[in-house]
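Contents: one structure, followed by commentary.
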Amino acid sequence: MPRVTFAAALGLLGLVALFVAVQGFVWHSMSRGVLGLVGSSEAQGRLAGSALSNGYIFGHMVFGGVVTMLAVVQSAGFVRRRWPIVHRLSGRVLALSALMTGLGGLGYILLRGTIGGPIMNVGFGLYGILMILCAIQTPRYAMAGDYARHRRWGLRLILVALGSWIYRVHYGLWYGATCGIAPELCGVGASADFSGPFDIIQMFAFYLPYLLLLEWILRRHMNRQVM
Ligand code: HEM
């Protein structure tokens, strides 16, 4: 009994830490998005384009901020158990925002392409498609009453939703580690035009390995239930 309480406290602590950790990025994404939408040239920077492409890219930042924050809320099991209405409401907002984020990101890629060129277009494009797929499948199975599938798609959605933040965390860790080792190694493999080997790996590494790991865990879990 005390072990369960300790594990629950640890889980809660982890969630609170994650919630606090994403706030800086959520604020950056939403404020840049809103300022970009109202036409601030400083916020738009090199992403500035036509009204349509601005709508896509800066709109996706606003919705993306909501997605990042609500992914943490939805991963809290105690919220779902104690306040199911909060889980349902926040889940709906998360799914809708994820749909809008994915569509906005994809729309921008189709119109303008990314700074990193074709490989980044594919990496980010696939990311957008997966986000849209998860945003559709998660509520779909909840509405159908298939809660086992709903849970699996929900977990995928949470991972994908945190992907954009994880992308920045990977860069932060890389710069922290390489700059810490030696000044001449600082940021090795990463470049301003995103053409370095580290950049190219990152075009997929912020979501794909995590999703594959999740699939492996889910499959193991399902096999154990069958046996
Ligand atoms: C949680 C979801 C997401 C958030 C919070 C987010 C946030 C951001 C932010 C803030 C930027 C501007 C760069 C910066 O200021 O750091 C950005 C750029 C971008 N995002 Fe997202 N994003 C998300 C999901 C997506 C998805 C799903 C796609 C793809 C469909 C996407 C595609 C892009 C593209 C293409 C750029 C511009 C890349 C370039 O510099 O050329 N994002 N995103």
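Odds and ends about this structure:
- Surface share of carbon and sulfur [accessible, 1.4 angstrom probe, percent] for region 133-227: 69
- Note on region 2-226: with charges restricted to the Cβ of Lys and Arg (+1) and Asp and Glu (-1), its dipole about the Cα centre is near 1160 debye.
- Simple spin-label estimate for LEU12 and LEU208 in nanometres, 7 Å along Cα-Cβ: 4.0
- Volume of the Cα convex hull of region 2-98, divided per residue and given in Å³: 87
- A full extension of the chain between VAL122 and LEU110 corresponds to an added length of 3.2 nm, given 0.36 nm per residue minus the alpha carbon distance.
- Cut-off 13 Å, label 7 Å out along Cα→Cβ of ALA177, residues of region 118-152 by amide N: none
- Placing dummy labels 7 Å off each Cα toward the beta-carbon, the span from ASP146 to SER41 is 5.3 nm.
- Helix 2-37 axis versus longest C-alpha principal axis of the chain: approximately 30°, rounded to the nearest ten.
- Accessible surface calculations at 1.4 Å, restricted to protein heavy atoms, place region 2-226 at 57 Å² per residue.
- C-alpha center-to-center spacing [region 167-213, region 46-119] in angstrom: 23
- No Cys partner within the rule (Cβ under 4.7 Å), the chain: CYS134
- With Cα atoms, 0 to 90° folded angle of helix 84-112 axis to the chain main axis: 30
- Helix-only mean residue ellipticity at 222 nm for the chain, each DSSP H run of n ≥ 4 adding -39500 (n - 2.57), per residue, nearest 500: -28500 deg cm²/dmol
- Theoretical gain in end-to-end length, HIS170 to LEU52 [0.36 nm per residue, Cα-Cα removed]: 39.4 nm
- Translational diffusion coefficient (Stokes-Einstein; Kirkwood radius from C-alpha pairs) of region 2-226 at 10 °C, 1.306 mPa s, in µm²/s: 84
The values are calculated or read from the model by the stated rules, or taken from the named source; none is laboratory data. If you're wondering where the values come from, they're calculated on a predicted model, not measured in any experiment. Positions of Cβ are backbone-derived with ideal geometry, glycine not excepted, and every protein chain shown enters the neighbour counts. Quick note on the areas: whole protein, heavy atoms, side chains included, nothing else; ligands and nucleic acids left out. Shrake-Rupley method; radii C 1.70, N 1.55, O 1.52, S 1.80 Å.
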